[in-house]
Each structure stands twice: as C-alpha cells, then as structure tokens.
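The values are calculated or read from the model by the stated rules, or taken from the named source; none is laboratory data. Owing to the predicted nature of the structure, the values given are computational and were not obtained by experimental measurement. Here Cβ is always computed from backbone atoms with ideal geometry, including for glycine, and neighbour counts include all displayed protein chains. Heads up: the accessible areas ignore ligands, DNA and RNA and are worked out on the full protein's heavy atoms, side chains in. Shrake-Rupley method; radii C 1.70, N 1.55, O 1.52, S 1.80 Å.
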Amino acid sequence: MSTTFETIGVMPQIVKALQEIGFSKPTDIQEKAIPLIKQGKDLIGMSKTGSGKTAAFGIPLIEMITPGRGVQAIILAPTRELVHQISIELKKFSKYLSCHIASVFGGVAMNPQIQEMSHAEIIVATPGRMLDHLQRRTVSLSAIKFFVLDEADKMVEMGFIEDVERILSATSVERQIILFGATLSKEIEGIRNNHMHQPVTVEAEMHVKENFLEQYYYNVDQREKFSLLVHLLKKEKRDLVIIFCSKRSTVELLTKNLRLQGIKADMLHGKMTQNKRLHVIDQFHAGKATILVASSVAARGLDIKDVSHVFNYDLAQDPQEYVHRIGRTARAGESGKAITLLGYQDHDTFRQILSRYHLTVHELPKEKYPLLGFNTHFEDRERRDGGFHRGSRFPRDERRPFPPRRRNYSRSMTRD
Ligand code: ADP
Ligand code: MG
C-alpha cells in the first residue's frame, strides 16, 4: 500500500487543504519527518531543494499549536522572500483550521509586525528582524515550543548563525528544535551538539526526479556571453526564465542591456526595496513577467512554478550555489533546463561542482549568433534605485556621448 497523508496521521482538515493544492501523497522527506516531529523529536532533515521541506515542518507545526494561546513556534529562514513564501504555504495548509501566521522581515515598518505577532501562534522570520524585535522586547519567545531553522546551511553561509544562536538563547531549553537543509556543516553540527536533545537525522530522496532536469553548458568567450544569451532567449522555446549572476552589479547591467535589446527583463537583488522585490516576484508568479535576472541570494529557495530555464550567466564561487540555482527549475515533477555559460575563468569552479555533486552536464555545440554590444555605463540614479520601471528602454539618442564617472564602484561590486 502506498503511503498517503492519512496513513502518516495528518489531520483530515489539513489533508483536505493539501488535496486542494494538488498534494496527493507525501514526498519522501515529508513521510519521514512528519511523524518524528509529531513524536516530539528534535530533528535534522537533509534533503535537496524542491523535495517538499516546507510541508515537512509546516504540517506538524500547524497540527501541534493550540489556537489562541500566543506564539508557540518560530521558523527562521534566511531571506525575506523565503519568509513570505513559507507564510503563504503555511496559510494554505491551515485553510480549514484556526492558525495565525505572522511574517517578520526587515525593510518594512515594525509596528504592523508587532500587531501581527500579538495574535499569531506561528512566526516566520528572518534572523535580523527577529533579533530587532527581541531587543526591543516587542515580542517574547520564552514560551515557544518549536524552533525551526529552514535552509540552515544558507544561514551559515550568510553569516546568520550567531543571530540564530542569540534567538535560540531567548527560548526555553524545553523547545523542540527542527532543522532543515541540503547539507550538514560544522556550524550546524555545533547547534546539534550544543542545543539539540538526542536529535534524529533523516535524509530523503529528491522529489523532483533528476532526469526531468537537463543540464547543459556552452563554452563561450566572456565577451560573447551576452550575445549568446540573447540568441538563446530568442531561440529556446521557453516559459519562465531565471538568469543568475553572482554579483549585483552584473544583475543590473545585464537587465539593462537585455532591455536595450528589446527583451523585457526584470531584476531581483538584495539591495532593492522589499516592496519592489515582492512586486517583481508576484509578477513573475503570475506570469506577467517572464524573464528574471537575479542574484543567487535573492532567489534562494524561491518556488515558482513553470520555470522552464535557468541560465547561469556566471558561476558563484561556492559550488553548492549551483545546485540551489538549478533547483529553481524542474520543480514538482515538471521538466526544466539549466544552461550554464562557461567563460574561460569559470572552468575551475565548474569542474569542482561537477566532481563534488557527480552531475552530468552536457556540452552544447557552438551556436551562430550576431555579436551585440554590452553597455557597461548607465546613469547613476538608475543604478542606485535598482533599475527602471518595467518595459522602459534606452533609445540610442538618450545615451550619453561619454560614459559617466563610475561612482560607488566598490559598493556596486558587493555581493548581496
Ligand atoms: P524545498 O523546501 O525542499 O526546496 P518546497 O517545500 O519549496 O521544497 O516544495 C517544492 C515544491 O513541491 C513546491 O511547489 C511545493 O508546493 C511542492 N510540493 C511539496 N510537497 C508536495 C507534495 N506532497 N505533493 C505535491 N507537490 C508538493
Ligand atoms: Mg525550502
């Protein structure tokens, strides 16, 4: 008999809500983690991106909280977008139950969050803003029963681990700790050894079958990457597309250059205002925007359906990042293509990625494409506020005869 949400003991109200959103049976990680979490075990869940971790911790939390008894669970996630996404997902699961979920992240006003937290049972938060609230004593976590860390490896990578530890220490030692991620690092082992009570570790198979994801690369001269990309965007039969760049400055330049070529592209990076980022993501979700140029961090963990292509315009230094990036496509059993544009300087990094993750990536033969210019100087004002409004272009005659002086050079080079 195959496992269903009923057979692993999920409440009928949740099963009904899950059916409505097309979850007919649990994924591997859900099947393993949900019963253990409900038994009160501290748990470390390791599974790849796209394997359904949100429901693996979300479902048992919703079942175990008592409505109207104040904050009982905190979920920490590394980015604002993830916090937003987890809240939305949890709200769907709890459609037929009483459960209030507060989203807490930086870049927006504190007061509405304080209001929201005051009648929530579950808080989903980024570590920075959560600490802010704790320091201002606008919320107390001393009575929480569940502490969840999502994308724990990313938290470490982004330098949030100390914040996480500080938040942990604001909770009672009796809370149950649940930690999810794709890999286990030294720092995570630190949390396990210092804070967790006899934790169980579960690992799970990927939900999305790997063969639904086809991975390719092109060897291309750095100076021709842009021309090749434009050619491929025009040639490939595509649905939604995410183009990853490792630096914010590249995200901005690439978006602007694509627009100059008449290709409607939107950008997503960490220095944009929160509202702008959420707006861009919503447009993309709704299919109103189809090409998203993003920095790795800004798009980390985002779950957007119908992403047919992920392009790596360049590679991040961290090999793990490649796996996270390509995980944005071929989600929930759909097919997808990941195409990496390999310049000469990317070869070492790429070799490391391939050997570390045993990936099969096929080289594609050279293409013929027209060579296009790539403008590296745009008005400062536009650089600063994260870009133009959608659809705006730069007609030739509006461009400056001389490039403006590059101000803020060092800032524009920072990774977000
Ligand atoms: P992860 O956090 O492991 O990267 P997510 O929780 O974001 O994965 O889930 C990945 C995708 O799979 C989402 O679109 C989610 O709605 C979908 N999904 C999760 N669990 C199931 C399930 N049991 N059945 C069908 N789809 C699912
Ligand atoms: Mg996730």
May I ask for the net charge around residue 65, where only other residues with Cβ less than 14 Å from the Cβ of residue 65 are counted and Lys, Arg are +1 while Asp, Glu are -1? +3
I want the local charge near residue 144. Using Cβ-Cβ distances under 12 Å, sum +1 for each Lys or Arg and -1 for each Asp or Glu among the other residues. +1
GNM on the chain, Cα springs under 10 Å; top mean-square fluctuation among 100, 197, 84 goes to 197
Magnitude of the Cβ-charge dipole (Lys and Arg +1, Asp and Glu -1) of the chain about the Cα centre, nearest 20 debye, reported as 1420
Per DSSP H run of at least 4 residues, take -39500 (n - 2.57); add these up for the chain, divide by its residues and hand me the 222 nm value, nearest 500 deg cm²/dmol. -10500 deg cm²/dmol
With respect to the cross-link table entries 32/235; 91/276; 247/288, which display a Cα-Cα separation exceeding 32 Å? 32/235
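Return the tail of the calculated pair distribution for region 237-373, meaning the percent of Cα-Cα pairs more than 20 Å apart.
46
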To the nearest Å², the heavy-atom accessible area per residue of the chain with 1.4 Å probe amounts to 46
Counted charge near residue 356, where neighbours are those whose Cβ lies closer than 13 Å (Asp, Glu -1; Lys, Arg +1): -2
Hydrodynamic radius (Kirkwood) for the chain, which is based on Cα pairs only, to one decimal in Å: 22.6
Taking 53, 288, 38, 368 and ranking on accessible area (1.4 Å, protein atoms only), highest first, one gets 368, 288, 38, 53
So for the chain, taking the charge dipole from beta-carbon charges (+1 Lys/Arg, -1 Asp/Glu), which of 9, 335, 283 sits furthest toward the positive end? 283
Which one of 227, 249, 24 has the biggest mean-square fluctuation once the chain is modelled by GNM with Cα springs under 10 Å? 24
When N counts the residues of region 41-112, how does its alpha-carbon radius of gyration compare numerically with 2.2 N^0.38 Å, as a ratio? 1.16
First compute the accessible area of the chain with a 1.4 Å probe, then give the percent of it belonging to carbon and sulfur atoms. 50
Whose amide H sits under 5 Å from the amide H of residue 104, counting only residues 5 or more places off or on another chain, with H placed in the peptide plane? 124, 125, 126
Order of exposure, largest accessible area first, which applies to 145, 95 with probe 1.4 Å: 95, 145
Can you find, among 197, 35, 178, the residue farthest towards the positive end of the dipole of the chain? Put +1 on the C-beta of Lys and Arg, -1 on that of Asp and Glu. 178
Which of the listed residues, 292, 66, 49, is farthest toward the dipole's positive end in the chain, when Lys, Arg count +1 and Asp, Glu count -1 at the beta-carbon? 292
